[in-house]
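Q: One structure coming up, written as structure tokens, with questions to follow.
The values are calculated or read from the model by the stated rules, or taken from the named source; none is laboratory data. Everything numeric here is computed off the predicted structure, so don't read it as measured data. Cβ placement follows ideal geometry from the backbone for every residue including glycine, while neighbour counts extend to all protein chains displayed. Heavy atoms of the whole protein, side chains included, go into the accessibility calculation; ligands, DNA and RNA do not. Shrake-Rupley method; radii C 1.70, N 1.55, O 1.52, S 1.80 Å.
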Amino acid sequence: MSVFRLFSFSNNSVKSCRNLLCSSFLEQRALISGKTIKQLGIPTPPKRPCTPYIRFFQNIRPKIKENNPDLNPKELVKVVAQEWAKYDPEKKKLLQKEFLSELEVYLKNFEAYKQSITPEQQNLINSTKEKEKQAKEQARIHSKKESLGKPKKPPTGFLKFLMERKSQKDESLKYTDWVRQLAREWEMIPEERKDQYKEETKIALDKYKSDMLAWEESMIRQGHIDVVRNKELLEISSTKKQSSKTTA
């Protein structure tokens with residue numbers, strides 16, 4: 001059945017389009033970005049057509065930006081939304097009709113694309129997608145930890161040595177060459193001097209461990225369980241609470 005027969009071009013057309021997209025593109029969500037697919041040597045999937053609003057946004061954005069150069073991105077989006085609300089309904093219908101026409105072609109091409117992917121390629125896509133998902137989750141947790149004031153791990157003795165020498169770096173040297181040079185210098189340092197760095201690192205590391213325990217217990221109390229390194233602390237915290245109740 002033609003996509004055009006699925007809709008009457010009424011005020012609910014955009015909503016209907018969205019519903020079709022949600023139901024028809026579920027399988028595509030398992031795919032990764034076109035850039036990553038290219039890197040894997042897998043054929044790139046067909047590009048999804050722009051929705052009427054996105055096309056309107058792309059067309060009107062340059063003009064609004066030209067007339068209002070001081071608008072930040074968030075303000076620009078608000079202005080475009082206001083213009084879209086005032087946009088001629090008949091012109092909106094034309095955009096919707098163009099979208100549905102492109103959508104019909106896209107769905108056919110995407111179906112053909114799915115049939116062209118081998119099981120091995122699909123497995124590679126799925127495994128890469130999972131790795132990307134894990135990487136995004138790790139980045140989210142890292143960002144959340146920083147925003148919640150996670151203590152910073154102290155540098156090792158060599159990194160401390162490197163940081164002390166950073167102001168003396170020859171700007172003509174590449175960073176990697178400079179690090180290699182310092183690594184050679186580090187090997188030549190007397191053991192007594194290295195021991196000083198190691199002792200300073202040990203003291204800083206002991207404080208870091210103590211600060212981390214206090215911080216993670218605080219995170220548990222605040223409900224940020226996902227930033228805690230190991231769940232044993234949850235049991236420790238629970239034991240402390242029970243002990244406190246018993247004593248009271």
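Q: Any idea of the accessible area per residue across segment 32-117, 1.4 Å probe, to the nearest Å²?
A: 67
Q: Under a crude label model (7 Å from the Cα following the beta-carbon direction), how far is LEU76 from SER147 in nanometres?
A: With each label placed 7 Å out from Cα toward Cβ, I get 2.4 nm.
Q: Leaving ligands, DNA and RNA out of it, work out the accessible area of MET163 with a 1.4 Å probe and give it in Å² to the nearest 10.
A: Its accessible surface works out to 120 Å², give or take rounding.
Q: Quick one: net charge of ALA85's neighbours, Cβ under 14 Å, K/R +1, D/E -1?
A: Summing Lys/Arg as +1 and Asp/Glu as -1 gives +2.
Q: Using the basic label-point model (7 angstrom from Cα toward the beta carbon), what is the HIS224 to SER116 distance in nanometres?
A: Between HIS224 and SER116, the label points sit 4.7 nm apart.
Q: What is the extension gain from LYS93 to MET212, computed as 0.36 nm multiplied by their sequence separation minus the C-alpha to C-alpha distance, in nm to one decimal?
A: Values: separation 119, 0.36 × 119 = 42.84 nm, distance 5.84 nm.
Using 0.36 nm per residue and subtracting the Cα-Cα distance, I get 37.0 nm.
Q: Share of segment 131-197's accessible area from carbon and sulfur, percent, 1.4 Å? Mind dumping the intermediate values first?
A: Working: 2820 of 5280 Å².
Its accessible area is 53 percent carbon and sulfur atoms.
Q: Let me ask another. Just the number, please: carbon plus sulfur as a percent of the accessible area of segment 32-117, 1.4 Å probe, no ligands or DNA/RNA counted.
A: Its accessible area is 53 percent carbon and sulfur atoms.
Q: Skipping prolines and chain starts, which residues have an amide H placed within reach, meaning under 5 Å, of the one on VAL228, given they are 5 or more residues away or on another chain?
A: It is none; the list stays empty.
Q: By per-residue mean of other Cβ atoms within 10 Å, what is the highest-first order of 166-176, 140-150?
A: Going from most to least packed, we get 140-150, 166-176.
Q: Going down the table (LYS78/LYS145; LYS65/LYS86; LYS38/LYS65; LYS131/LYS174; LYS38/LYS114; LYS133/LYS209), which pairs top 26 Å between alpha carbons?
A: Too far apart for the 26 Å limit: LYS78/LYS145; LYS38/LYS65; LYS131/LYS174; LYS133/LYS209.
Q: Further, regarding this structure: Taking the solvent-accessible surface of protein heavy atoms with a 1.4 Å probe, what is the per residue accessible area of segment 149-237 in Å²?
A: So segment 149-237 comes to 71 Å² accessible per residue, rounded to a whole number.
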